[in-house]
Amino acid sequence: MKEITAYKCKKCGRIHYPKHERCLNCQHREFELVHPEGKAKLLTYTQIFNLPWGFDERFLYIGVVEFENGVKAMGQIAAPDGADVHTGMLLAAEWRPVRYVSGEPVYGLKFVL
Amino acid sequence: MRDVAIIGAGMIPFGRRDQDTLVDMLAYASLKALDDAGVSAVDAVYVANMGGGILQRQTAIASALVDRVGLLPAAADLVENGPASGGSAVKNGVLAVASGYYDLVLVAGGEKMREVTGWKATDFVATLTHPETEYPYGITLPGMAGMFTRLYMEKYGVTREMLVEIAIKNQQMGALNPYAHVEMLITKEGILDSPHSVVNNPPMADPLHLYDACPVSDGAAAVILCPLDRVKELTHNVPVIVAGFGQATDTHTLAERDDPTDLKAVTLAAQQAFERAQTKPAEINVAELHDAFTILEIAESEHVGFFKKGEGGKAVLAGKTKLGGQLPINVSGGLKARGHPVGATGVAQVVELTWQLRHELPKERQVKNARAGFSINFGGFGNNVVAFVLKRGEK
Ligand SMILES: [Zn+2]
């Protein structure tokens, strides 16, 4: 998943996404660039029915995952209404349009069952 | 540092106020606070507002307010700190008086959210999320709360019945509060236990339902602050002492918290406020917690030390947080029923506690002999939190 860059502290190893100028754990300023790897484990999620302006869908599943190398991120889950979505499940991550602004796609993380 | 007292408090009824502009509402609440204190001028004004620039396309709102209310040439600042703007503005006013730089300070908080559609109001509040790693996905504050609730339920055994009980309790109190947005009574059957509940109370951000959320409101609230040693010459009111405040921050994104169920900023802000006030959670008689979602009333009551983790929901079911219980929480109706005009909320909590500590509310809403009050104003999804400990002073 080269589209996402995370930042691993060169001193304490804490992984950050998004970017911070200093490590949230030890304030070190040097980071190794890493990309999410492997399956994404679903840490928590919700099915949102009252969407903000800019979305035409009736609902969206949104969740937070942890990849096998420790990178954590939010993204949309591609699932139909009533799908078996549960915490702890393993998902595949894809880079796909997550919304459209003036007809133009905005790309982001899409997790598929 | 000088001790700081609240000598005036004012609020206008929250709800849908199509006839009023944002500055109208701030001005009405400010006048009520000035008149309540019995003062005609102030040295400085702090205005809390989150959305004027986005929703009304109006900026420099503090300058507009002092002009409108005839408070020129008082110093005037706008404080924008998301849904914690109100608490932040009160804090800045307290610091200004405590430092000795200003003697009389007006703090006014207001928000006008109902002139846009629900979609746009939801989008406006969502602009506080991370602009690259959260906002583009369509995450909303109810969505954040839904993800938090799922984990909190799994870890601490919070049930939907506990959440429903908070909605019922706070709407019951709201029905007695003339300043509340929602004055409708609800029943457990209506929103949880009957076939109709599916229609009445649909999921909003699973596992949260419609009645777990506060309404979108217009409203404003204001207080007047002065040094404690000048109270007698300035006002006839019983002073309410700002015994302590605390403020703390946490990660911008939910994903970067080691344990997303741990609201660290709530714990730290409360600890600071209690320490400064040399007060223990058990000494508090009345609390205003930031129940933008029902789950937050439980989670905050545990994080600040009123109840152990996992016990807050049980306390609600046992009636301990009702008026007349061990610790009445959100006797105002809370955000759930009073409403949540975001910039106004933190100030409205302080206004409510001031009234409680002055013992001037009608019997059906007054906490008997209340001497110490506590508030939590919860910004972002817990990434910026302000807490206050207030105490009844001597007249
Ligand atoms: Zn580090």
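The values are calculated or read from the model by the stated rules, or taken from the named source; none is laboratory data. Quick caveat, the model's predicted, so the values are computed rather than measured. Note that each Cβ is placed from the backbone with ideal geometry, even for glycine, and that neighbours are counted across all protein chains shown. Note: accessible area is taken over every heavy atom of the protein model, side chains too, but ligands, DNA and RNA are not part of it. Shrake-Rupley method; radii C 1.70, N 1.55, O 1.52, S 1.80 Å.
Rounded to the nearest Hz, the phi-derived 3J(HN,Hα) couplings of the range B:103-110 under the Karplus curve 6.51 cos²θ - 1.76 cosθ + 1.60 (θ = phi - 60°) are 9, 10, 10, 9, 10, 10, x, x, where x marks glycine and proline. As an equivalent ellipsoid, chain A spans semi-axes of 28, 17, 12 angstrom, where each value is the square root of five times an eigenvalue of the C-alpha gyration tensor, largest first. Based on alpha-carbon centroids, what's the gap between the range B:293-362 and the range B:117-180 in Å, whole number please? Here the two parts' Cα centres lie 16 Å apart.
Counting only protein chain heavy atoms and rolling a 1.4 Å probe, the accessible areas of B:Asp36, B:Asp212, A:Asp56 rank, largest first, as A:Asp56, B:Asp36, B:Asp212. Among complete DSSP H helices in chain B, those whose alpha-carbon atoms stretch at least 15 Å along the helix's long axis and whose mean Kyte-Doolittle hydropathy reaches -1.0 are B:22-37, B:85-98, B:141-156, B:160-174, B:264-277, B:342-357. Computed over the protein assembly as shown, the per-residue total of -39500 (n - 2.57) for DSSP H runs of n ≥ 4 gives a 222 nm mean residue ellipticity of -8000 deg cm²/dmol, rounded to 500. Exceeding 27 Å between C-alpha atoms, which entries from my cross-link table qualify? They are A:Lys72/B:Lys155; A:Lys110/B:Lys309; B:Lys112/B:Lys320; A:Lys19/B:Lys280; A:Lys41/B:Lys169; A:Lys19/A:Lys39. A:Lys110/B:Lys309; B:Lys112/B:Lys320; A:Lys19/B:Lys280; A:Lys41/B:Lys169, as the Cα separations exceed 27 Å there. Could you give me the ³J(HN,Hα) list for the range B:369-381, computed from phi with Karplus coefficients 6.51, -1.76, 1.60 and θ = phi - 60°, whole Hz, x at Gly and Pro? Values, residue by residue: 6, 4, 10, 9, x, 9, 9, 10, 10, 10, x, x, 9 Hz. At full extension, B:Lys188 and B:Arg230 could sit 10.2 nm farther apart than now, given 0.36 nm per residue minus the alpha carbon distance.
Distance between the pseudo-spin-label points of A:Arg22 and B:Lys314 (7 Å out from Cα toward the beta carbon): 4.2 nm.
Across B:Ala108, B:Ala269, B:Ala277, mean-square fluctuation computed from a Gaussian network of chain B (C-alpha pairs under 10 Å connected) peaks at B:Ala277.
Taking θ as phi - 60° and the Karplus parameters 6.51, -1.76 and 1.60, the scalar couplings of the range A:21-30 work out to 6, 9, 4, 5, 8, 10, 6, 5, 10, 10 Hz in sequence order, x denoting glycine and proline. As an exercise, use a Förster radius of 30 Å and the Cβ-Cβ distance of A:Glu3 and B:Lys155 to find the FRET efficiency, rounded to the nearest 0.05. Between A:Glu3 and B:Lys155 the formula returns 0.40. Just checking the listed ones, A:Leu33, A:Leu42, A:Leu90: in the Gaussian network model of chain A with Cα springs under 10 Å, the one fluctuating most is A:Leu33. Of the residues A:Pro97, A:Pro52, A:Pro18, the one that moves most in a GNM of chain A with alpha-carbon contacts below 10 Å is A:Pro52.
Taking amide H as placed 1.01 Å from N in the peptide plane, the amide H of A:Val34 sits under 5 Å from that of A:Ala6, A:Tyr7, A:Lys8, each at least 5 places away or on another chain.
The separation of the range A:41-113 from the range B:1-79, counted between C-alpha centres, amounts to 41 Å.
Extension gain, B:Asp3 to B:Asn369: 0.36 nm times the residue separation minus the Cα-Cα distance gives 129.5 nm. Among the residues of A:76-87, the average count of other protein chain beta-carbon atoms within 10 Å of the residue beta-carbon is 1.
Beta bridges assigned by DSSP with both partners in chain B are antiparallel in approximately 70 percent of cases. Expressed as a whole percentage, what fraction of the accessible surface of the range A:37-112 belongs to carbon and sulfur atoms when a 1.4 Å probe is rolled over the protein heavy atoms? Using a 1.4 Å probe with all protein chains present, the range A:37-112 comes out at 50 percent carbon and sulfur.
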